[in-house]
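S.K.: Before we start, here is the structure in question, set down as structure tokens.
The values are calculated or read from the model by the stated rules, or taken from the named source; none is laboratory data. Keep in mind that what you see is a predicted model, and the values were worked out from it rather than measured. Cβ: placed from backbone, ideal geometry, glycine included. Neighbour counts: every protein chain shown.
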Amino acid sequence: MLFSPGLYLPLGKKPAVAGGGGATSWNPSDTTANLVLSSSNRVATATGGNQGARSIASVVANQKVYMEYVPTVDSNNQQYGFALATHDLTHILGGDEGTVKSFGVTFGGTYTDAGSVDDGAAMPSYAPGDRVGIAYDDGAKKLWSRVNGGAWSNSGDPAAGTGGRAVSVSGTLFACAWIQFNTEITTARFASTDWVDAAPSGYTQLA
């Protein structure tokens, strides 16, 4: 389970570079110190606690974006979502950083947005090896999640714009992951050619 954002000490990071174009992978210049990238920078392995990474590509304004994650080693203490370039990657997504800089879901069931929402029904539980789908509508500022192509969280439908969770972060957003514990691993599938499940109608990849 997640703990108070105030417990996470900044470890230092490299700066993010904003922009809509770029490879569909994590940015090797924008991770925490103890996060190892492999497999063309798509697999992230934590070698210490409270690690994070941002994508190279950013969300285009008003884009509807979809992606999948596959946690291969996890104890339900990873988060996936989106963050500004100024978000401290050692902090949980949606944690209190003085201003709103990020949002995300914690698989095992907790959703956070600016440290203000904690909803145990927001995300179905999952097991290592499951596919976790994320859909985000930047125009509507809403986020949805699902497991193995199943029902979307909160009985939502990203294609129709129903359900989902309202978010309050404005600005250029990057896909972002946070891993709480040492040795945990996750694989990002940002490219549409890597997806196993069909994206909602109208949703595209980071590019």
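S.K.: Test Ala85 against the stated conditions and say whether it is modelled with pLDDT of 95 or more and not in a strand (DSSP E or B).
M.R.: Judged against the criteria, Ala85 is a match.
S.K.: For the range 92-174, which fully contained strands (runs of 3 or more DSSP E) count at least 3 residues that are surrounded by 14 or more Cβ atoms within 10 Å (Cβ to Cβ) and modelled with pLDDT under 80?
M.R.: Here the list reads 110-113.
S.K.: Restricting the search to the range 37-57, which residues are assigned to a strand (DSSP E or B), β-branched (Val, Ile, Thr) and closer than 16 Å to Asp74 by Cβ?
M.R.: Val43, Thr45
S.K.: Restricting attention to the range 48-78, and to residues there that are modelled with pLDDT under 90, farther than 19 Å from Trp195 by Cα and not charged (D, E, K, R), which single residue is surrounded by the fewest Cβ atoms within 10 Å (Cβ to Cβ)?
M.R.: Looking at the filtered set, the residue picked out is Ser75.
S.K.: Taking the range 175-200 only, how many residues are assigned to a loop (DSSP other than H, G, I, E, B), aliphatic (A, V, I, L, M) and within 12 Å of Gln79 (Cα to Cα)?
M.R.: Restricting attention to the range 175-200, the residues satisfying the condition of being assigned to a loop (DSSP other than H, G, I, E, B) are 180-184, 190-191, 195-200.
Applying the additional criterion that residues be aliphatic (A, V, I, L, M) yields 191, 196, 198-199.
Those still in the list that are within 12 Å of Gln79 (Cα to Cα) too: none.
Number of matching residues: 0.
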